[in-house]
Amino acid sequence: MAHVDEEIASQPECWQRALDLKPKNLSEPGERVAVIGCGTSLYIAQAYAALREHLGKGETDAFAASEFPAYRGYDRVVALTRSGTTTEVLDALSHVTAPTVAITADPSTPIGDAAHEVVALEFADEKSVVQTRFATTALVLLRAHLGSAPADLPDQARRAIAAPLPDGVLESVQFTFLGAGWTCGVAQEAALKVREASGSWTEAYPAMEYRHGPISVSSPGSTVWFFGQPPAGLREQIERTGARISVSDLDPLADLIRAQRLAVDLATARGLDPDRPRNLTRSIVLDHS
């Protein structure tokens, strides 16, 4: 069994531990907050930023750490970094004068000195290069801080681990993941997961944007996966393309677990190692010299 299989299966317990944490330094209502990250952490940042604004907690922007506009005035900057060593995150924090807080799996790394405060999720650290439980646990923590995490999320995670994948989905050659609001970030993360683990052709869009071009690639060899319910009329349009459709009644974050399982199953079916995707490492550490 690959490390990632065990890490996916452990998410219900990790999520429960995150729900039980009560960090007080993530943000205050009304603060103008920036959230930064790279790769998976960027998409989790996007989900949190959209959700925080939607709930009326304050203006919230998400940035790839390499694109963070340090000249803007924020009341707080939140950094997401599993490894605690990612060069772009550390560089961005070095230019911030506002209070900073990092969510990481390893507080003993340089992030411990780079951020003013650290929230450690050591129990969600991973051996696999592919991120699964750290990213989802961080988002559970952030949602709980906003008061928007259902108490039964761990139970929903267990359902997602046991639930069957869509019929015939492993035969698809193209995958489109669709979300709306905060689940746009979840859709982006699902697309990244399947792409990096299995080398598949994946895309992600806001659901209402799918009609404006992306639907042209859908065919009987495609799967279109919704995080949340499809907008009115869109499901019928997709059915006319012949693509498979996935719609779940699970919380979108729990449904992301099914997409993680899809990524692993596709990689295994193609003879790839889902723990070690081609050309990827656990952390990007750059030599500025």
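The values are calculated or read from the model by the stated rules, or taken from the named source; none is laboratory data. Just so it is clear, the structure is predicted and the values come from calculations on it, not from any experiment. Using ideal geometry, Cβ is built from the backbone for each residue, glycine included, and neighbour counts are taken over all protein chains shown. The accessibility values were calculated without ligands, DNA or RNA, using every heavy atom of the protein model including side chains. Shrake-Rupley method; radii C 1.70, N 1.55, O 1.52, S 1.80 Å.
Yes or no: segment 59-72 includes at least one residue that is in contact (Cβ under 8 Å) with a residue 40 or more places away in the chain and under 21 Å from Asp125 (Cα atoms).
No: zero hits.
Which ones in segment 47-104 are open to solvent by 60 Å² or more (accessible area, probe 1.4 Å), not charged (D, E, K, R) and not in a helix (DSSP H, G or I)?
Across segment 47-104, the qualifying residues are Leu55, Gly56, Tyr71, His95, Thr97, Pro99.
Tell me, yes or no, whether segment 139-148 has at least one residue that is assigned to a loop (DSSP other than H, G, I, E, B), among the polar types (S, T, N, Q), over 25 Å from Asp273 (Cβ atoms) and modelled with pLDDT of 95 or more.
For segment 139-148, residues assigned to a loop (DSSP other than H, G, I, E, B), among the polar types (S, T, N, Q), over 25 Å from Asp273 (Cβ atoms) and modelled with pLDDT of 95 or more: present.
In the list Ser222, Ser198, Ser218, Ser248, which residue meets the criterion of being over 15 Å from the mean Cα position of the chain (by Cα), in contact (Cβ under 8 Å) with a residue 40 or more places away in the chain, under 28 Å from Ala65 (Cβ atoms) and buried (at least 18 other Cβ atoms within 10 Å of the Cβ)?
Ser198
Select from segment 1-46 the residues that are assigned to a helix (DSSP H, G or I) and modelled with pLDDT under 95 and write down the one among them that is surrounded by the fewest Cβ atoms within 10 Å (Cβ to Cβ).
His3
If I filter segment 118-136 for residues that are farther than 21 Å from Arg276 by Cα, touching a residue at least 40 places away in the same chain (Cβ under 8 Å), in a loop (DSSP other than H, G, I, E, B) and open to solvent by less than 40 Å² (accessible area, probe 1.4 Å), do I get at least one hit?
Yes, segment 118-136 has at least one match.
Please specify each residue of segment 159-184 satisfying the condition of being of a type in the set (Asp, Glu) and either without any contact (Cβ under 8 Å) to a residue 60 or more places away in the chain or part of a strand (DSSP E or B) (or both).
Within segment 159-184, Glu171 is the sole residue that qualifies.
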